[in-house]
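**Q** Encoded as structure tokens, here's the structure I'll be asking about.
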Amino acid sequence: MDFSFAFTPDLIAVFVTLFVLEIVLGVDNVIFISILASKLPKEQQARARNLGLTLAMVIRVVLVFFAGWIITLKEDVVVWFGMGFSVKDFILIAGGLFLVYKAVTEIHHKLEGAEEEHGAAPKRITFSSVLIQILLLDIVFSLDSVITAVGMTENLVVIVTVVVLSFGIMLFASRYIFTFVNRHPTVKMLALSFLLLIGVFLIAEGFGIKIDKALIYAPMAFAILVEALNLIASGRKAKREHRRQQAVQLRPQYPDADESIAVSAALSKGEAGAGSVGLSSRPVQGDADAAEERAGLG
């Protein structure tokens, strides 16, 4: 590995390419961390985001210094049905399956509301469980990122500098990404779909199927652009109508009402006929006297 650092056109080109790659992979991390952290109490969400991203950066930097060992993980260790699998392949497949499972589970909860069923105690999400899930995905993303970076350059100074700078930007932007994703249900659903695609991409790569990342990131970027235009249009419409913009609700919320009171009132048979409404043809005595008085005056 090379620890030298000299400003050359080739080095600058590699630096910019790696920086863009780390930013893209950092967005994956931020989206996943944002969705997991949103399940925690509000006072723990910022801590989970910051700690998750910091640990991701540390893991990636540590893996860079073990790049020589990581490259050996690409060698096949078993051959099944004529297809060789390396340690890297198993890690990518396991990480992809985990990401697909989490994305599908979150989509199911958002649409079906399994976590809000009446009569069922809500499942408690702990800070440690969220942190463990973040670490598992950090390792998968970091492994893929380090192998790609080492394949582009052997200069450790460049790789470490890119990792630190990119995660510094992600750490600063994570708060705004977290707020934006969790404020708009449609954006959150797009983010979950994005994670689902990433999971499928990792599984395919683990099985030796090479998929151009542009086929994943370009459609998702277009979908985010369309949704951003929709949000801008709805915001301008709300301003014109001088009303507060209301977020889209995936499922309507109805207040719980006790119907026993209304049923008992309808079935009661008291003296005053409680629970029933009727029209009487008999005139009230006061009204009859008033009518006779008016007739006498006439």
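The values are calculated or read from the model by the stated rules, or taken from the named source; none is laboratory data. These numbers come from a predicted model, not from an experiment. Cβ coordinates were reconstructed from backbone atoms using ideal geometry, including for glycine residues, and neighbour counts include every protein chain displayed. Keep in mind that these areas ignore ligands, DNA and RNA; they rest on the heavy atoms of the full protein, side chains included. Shrake-Rupley method; radii C 1.70, N 1.55, O 1.52, S 1.80 Å.
**Q** Computing the accessible area with a 1.4 Å probe over protein heavy atoms, can you report the carbon and sulfur percentage for the stretch 199-239?
**A** Its accessible area is 75 percent carbon and sulfur atoms.
**Q** With a Förster radius of 41 Å, plug the Cβ-Cβ distance of Ala228 and Asp10 into 1/(1 + (r/R0)^6) and report the FRET value to the nearest 0.05.
**A** 0.70
**Q** Please give the contour-minus-distance gain from Val157 to Ala94: 0.36 nm per residue of separation, less the Cα-Cα distance, rounded to one decimal in nm.
**A** 19.6 nm
**Q** Going Cα to Cα from Lys39, which lysines come in below 20 Å? Please leave out same-chain ones fewer than 8 positions away.
**A** Lys102, Lys110, Lys123, Lys188
**Q** Packing-wise, with mean Cβ within 10 Å as the measure, how do 88-99, 136-147 rank, highest first? Spell out each step's value before the answer.
**A** Details: 88-99: 18.8, 136-147: 20.7.
Averaged packing, sorted descending, gives the order 136-147, 88-99.
**Q** Pulled fully out, how much extra length does the chain show between Leu73 and Met220, if you take 0.36 nm times their separation in residues and subtract their Cα-Cα distance?
**A** Additional length available on full extension: 49.9 nm.
**Q** Distances over 23 Å make up what percent of all Cα-Cα pairs in the stretch 78-198?
**A** Result: 50 percent of Cα pairs exceed 23 Å.
**Q** Using modelled backbone amide H atoms (1.01 Å from N, in-plane), which distant-in-sequence or interchain residues come within less than 5 Å of Ser86's amide H?
**A** Val77
**Q** While we're looking at this one, here's another question. Would you kindly give the portion of the calculated P(r) for the stretch 1-111 that falls above 22 Å, as a percent of all Cα pairs?
**A** The calculated P(r) of the stretch 1-111 puts 55 percent of pairs beyond 22 Å.
**Q** Whose amide H sits under 5 Å from the amide H of Asn155, counting only residues 5 or more places off or on another chain, with H placed in the peptide plane?
**A** Placed amide hydrogens put Asp2 under 5 Å from Asn155.
**Q** Which whole-angstrom value gives the distance between the alpha carbon centres of the stretch 68-98 and the stretch 15-54?
**A** Value for the Cα centre distance between the two parts: 26 Å.
**Q** Still on this structure, please answer the following. With the crude spin-label approximation of a point 7 Å out along Cα→Cβ, what separation in nm comes out for Tyr176 versus Val62?
**A** 3.1
**Q** Count neighbours as other Cβ atoms within 10 Å of each site's Cβ, and list the GluC sites (Glu not before Pro) in the stretch 40-107 that are DSSP loop with at most 14 such neighbours.
**A** When the GluC sites (Glu not before Pro) of the stretch 40-107 are filtered for loop state and at most 14 Cβ neighbours within 10 Å, Glu75 remain.
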